[in-house]
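Each remark here refers to the structure printed beneath this line.
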Amino acid sequence: MTRENVQLAVREGTEVVFVERIAGSGAVPVLTRVGGRFALTATGVGLVLLAHAPADVQELVLSCPIKRYTERTMTAPHQLRAALADTRARGYAISDRQVTMDALSVAAPIHDSHGEVVAAVSLVVHHGSASTQALAHLLRTSARAISRALRPSTGP
């Protein structure tokens, strides 16, 4: 039990839609809510979903004005392209104080039975309270388990 925020999100068009959020006791306050929408460019789940979105969706998002939530929010398209490439290469995204100055989000992709990224899961913790690598390991393990659960059963 992390006692932190766990979020599950999908991409709809050029936005993140949060389909589930579990807030632990003492969890860092977040700006998201179930059913709520958010920019793909700032949150951990958004970065995962954008990194695995079709190229035309990525270009559309990066060609529009990008909202700044904190002084750490990446708003330059070249910065975001590098972050998306890093996300694809390492298998998880990091959003460090990009939405609020007290939060760190680490997120991993959830794949369907065809290997397509259909959702993302994240932990949002107080900045400085946990190692990014430890969170990434936990998230990638959890995302793989969720991905396996999405696969159709082969029967008895």
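Solvent exposure of the range 35-156, expressed per residue, is 49 Å² of accessible area, with all protein chains present and a 1.4 angstrom probe. Summing charges over all other residues whose Cβ lies under 12 Å from the Cβ of Val121, with Lys and Arg as +1 and Asp and Glu as -1, gives +2.
Give me the number: length gained by fully extending Asp86 to Ser131, i.e. 0.36 nm times residue separation minus the C-alpha to C-alpha distance, one decimal in nm. Roughly 14.4 nm would be gained on extension. By the helix-only formula, in which each DSSP H run with n ≥ 4 contributes -39500 (n - 2.57) and the sum is divided by residues, the chain has a 222 nm mean residue ellipticity of -10000 deg cm²/dmol. Evaluated with a Cβ-only charge set (Lys, Arg +1; Asp, Glu -1), the chain carries a dipole of roughly 240 debye about its Cα centre, given to the nearest 20.
Could you give the length gained by full extension between Leu138 and Arg151, i.e. 0.36 nm per residue of separation minus their alpha carbon distance, to one decimal place?
Full extension from Leu138 to Arg151 adds 2.6 nm.
The length gained by stretching the chain between Glu20 and Ala55 to full extension, at 0.36 nm per residue less their Cα-Cα distance, is 9.9 nm. Proximity of backbone amide H atoms, modeled 1.01 Å from N, is registered between His111 and Val118, Ser147 at under 5 Å, excluding neighbours fewer than 5 places apart on the same chain.
Would you mind telling me the share, in percent, of accessible area of the chain contributed by carbon and sulfur at probe 1.4 angstrom?
55 percent
The values are calculated or read from the model by the stated rules, or taken from the named source; none is laboratory data. Everything quoted here is computed from the prediction, not taken from an experiment. No Cβ is skipped: glycine too gets one built from the backbone with ideal geometry, and neighbour counts run over all protein chains shown. These area figures cover heavy atoms from the full protein model, side chains too; ligands, DNA and RNA do not enter into them. Shrake-Rupley method; radii C 1.70, N 1.55, O 1.52, S 1.80 Å.
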